[in-house]
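K.L.:
Following this message is one structure expressed as structure tokens.
Readers should treat all values here as calculations from the given coordinates under stated rules, not as data from a laboratory. Keep in mind that what you see is a predicted model, and the values were worked out from it rather than measured. Cβ: placed from backbone, ideal geometry, glycine included. Neighbour counts: every protein chain shown.
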Amino acid sequence: MDPGPPAMASASGQRWLALDAFRGLSVAGMILVNNPGSWSYVYPPLAHAEWHGWTPTDLIFPFFLFAVGVSMTLSFQRRLAEGAGRTALLSKITGRALVIVGFGLLLNGFPTYHLATMRFPGVLQRIGVVYLVAAAAYLLLPARGQRRLAAGLLLGYWAAMSLVPIPGVGAGSLTVDANLAQYLDSLLFAGHMWKPTWDPEGLLSTVPAVATCLLGAFAGDWLASPRDGRDKALGLFVAGAVAMVAGWVWSIWFPINKNLWTSSYVLLTGGFAALILAWLYVVIDLRGWRRWAGPLYVYGSNALLVFVGTGLFARALNLLTVTGPDGAPEPLKVLIYQRWFASWAGPLNGSLAFAVAFVLLWLAIMALPYRYQFFFKV
């Protein structure tokens, strides 16, 4: 396999395969946790935390947003150095964000698109909105203004969730069905949420997610600086460790919670992302050990195409029916899981084996466009 795809380049022409590997790691993790053979049989680390707390699965989405922040800074720096105007860049950013949101709605409604009940929020919708706001902030604000904005978003969200009262409940509640984010989402998206009373990608909780993307932008600026590579890696590692400790301390008052995307969760996951990116940067870009990460480059180079493709494919497996052993129709996915995986590995390990096979199948599928240097961009 080729060492890697055309990685994101900075204004100076530097390229970081580590970023593609980091993004690919996030995408591969997303595919793995989103596609067990049976949702009734999932190992705890491969499931989201029920509410407060976190698991490895809860790192995947913020890692991806962090990667969006890193890549957008390198892209913008290069384009600005080539003479692109900020107004033209903002126009392209807006169009790209709308397309990403559109893909999210395409996935949510597939295949029936009943507008009366279709879920409106979603993962891609959050990515589109976060990208739009963070990119605009990066282009319109100086570095100090960006840092102040990120801090203001985290502190303001904490204050709002802690101090703004909810009718009939009061202020400071962070329970599943009684918190400010849930209350606002129930007013705006009633009948269009993931759960009847709340949505993990709701409107208010998208606010601190912008800060996650900005943390990635700060990491991108640091990597694009003229410092020595070892100093860059060390600085990113130290900043990541400090952010993780700060998130853990903040969690005493504002618990780590992926569904609410709490400020402590932003710092913890952003710090963790910086540590992983620093390690990949040392191993891949500084020491040149590149070939081992080939599968990650494949996934990282076509992230949007993979997300949409795997989402539609997984839904198709559930919608297509075949005749089961008892003569009754059952989803194709159930038949594949039971006959090809659970039959020899048991329900739990079979469910994991199905997910791993799903990851490998799509790695083989995406290897073709990767080989011919086809990269789907919006």
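K.L.:
Going by Cα centres, the stretch 98-172 and the stretch 299-378 are how many Å apart?
P.N.:
29 Å
K.L.:
Cut-off is 10 Å between beta-carbons; in what order do W279, W289, W39 appear when sorted fewest neighbours first?
P.N.:
With the sparsest Cβ surroundings first, the list reads W39, W289, W279.
K.L.:
Once you place label points 7 Å from the Cα toward the Cβ at L187 and A159, how far apart are they in nm?
P.N.:
It is 1.9 nm.
K.L.:
Using alpha carbons only, how many angstrom separate the centre of the stretch 43-63 from the centre of the stretch 196-249?
P.N.:
17 Å
K.L.:
Can you put D326, D20, D177 in order of Cβ neighbours within 10 angstrom, beginning with the fewest?
P.N.:
D326, D177, D20
K.L.:
Given 10 °C and 1.306 mPa s, compute D for the chain with the Stokes-Einstein relation, Rh being the Kirkwood radius over Cα pairs; round to the nearest whole µm²/s.
P.N.:
So the translational diffusion coefficient is about 73 µm²/s.
K.L.:
Which aspartates and glutamates, on any chain, are close to K232 with Cα under 15 Å apart, when same-chain ones fewer than 8 places away are left out?
P.N.:
The qualifying aspartates and glutamates are D221, D285.
K.L.:
To the nearest 20 Debye, how big is the dipole of the chain about its Cα centre, given +1 on the beta carbon of each Lys and Arg and -1 on that of each Asp and Glu?
P.N.:
In total the dipole reaches around 980 debye.
K.L.:
For the stretch 36-152, what class follows from the C-alpha gyration tensor (a ≥ b ≥ c being the square roots of its eigenvalues): rounded when a/c is under 1.5, otherwise prolate if a/b is larger than b/c, else oblate?
P.N.:
Cα axes put the stretch 36-152 in the oblate bin.
K.L.:
Could I ask something else about it? What lysines sit close enough to K333 to cross-link, taking a C-alpha to C-alpha distance under 28 Å and skipping anything fewer than 8 places away on the same chain?
P.N.:
K195
K.L.:
Arranged by the count of other C-beta atoms within 10 angstrom, fewest first, what order do R371, R23, R290, R126 take?
P.N.:
Least crowded to most crowded, the residues run R371, R290, R126, R23.
K.L.:
Now, a different point. Given only helices, namely DSSP H runs of n ≥ 4 each adding -39500 (n - 2.57), what is the per-residue ellipticity at 222 nm of the chain, to the nearest 500 deg cm²/dmol?
P.N.:
Helix-only estimate at 222 nm: -20500 deg cm²/dmol.
K.L.:
Please give every one of the lysines within straight-line cross-link reach of K377, meaning a C-alpha to C-alpha distance under 21 Å, and leave out same-chain neighbours fewer than 8 residues apart.
P.N.:
K92
K.L.:
Would you list the membrane-span-like helices of the chain, meaning whole DSSP H runs whose alpha-carbon atoms span at least 30 Å along their axis and whose mean Kyte-Doolittle value is at least 1.0?
P.N.:
60-81, 86-109, 229-250, 343-371
K.L.:
How many nm is it between the label spots at L348 and R147, if each spot is 7 Å from the Cα in line with the beta carbon?
P.N.:
So the label points at L348 and R147 sit 4.8 nm apart.
K.L.:
Pop the C-beta distance of A84 and W292 into the FRET formula with R0 = 35 Å and round what comes out to the nearest 0.05.
P.N.:
Efficiency, from the Cβ-Cβ distance: 0.50.
K.L.:
Pop the C-beta distance of V176 and W340 into the FRET formula with R0 = 41 Å and round what comes out to the nearest 0.05.
P.N.:
0.65
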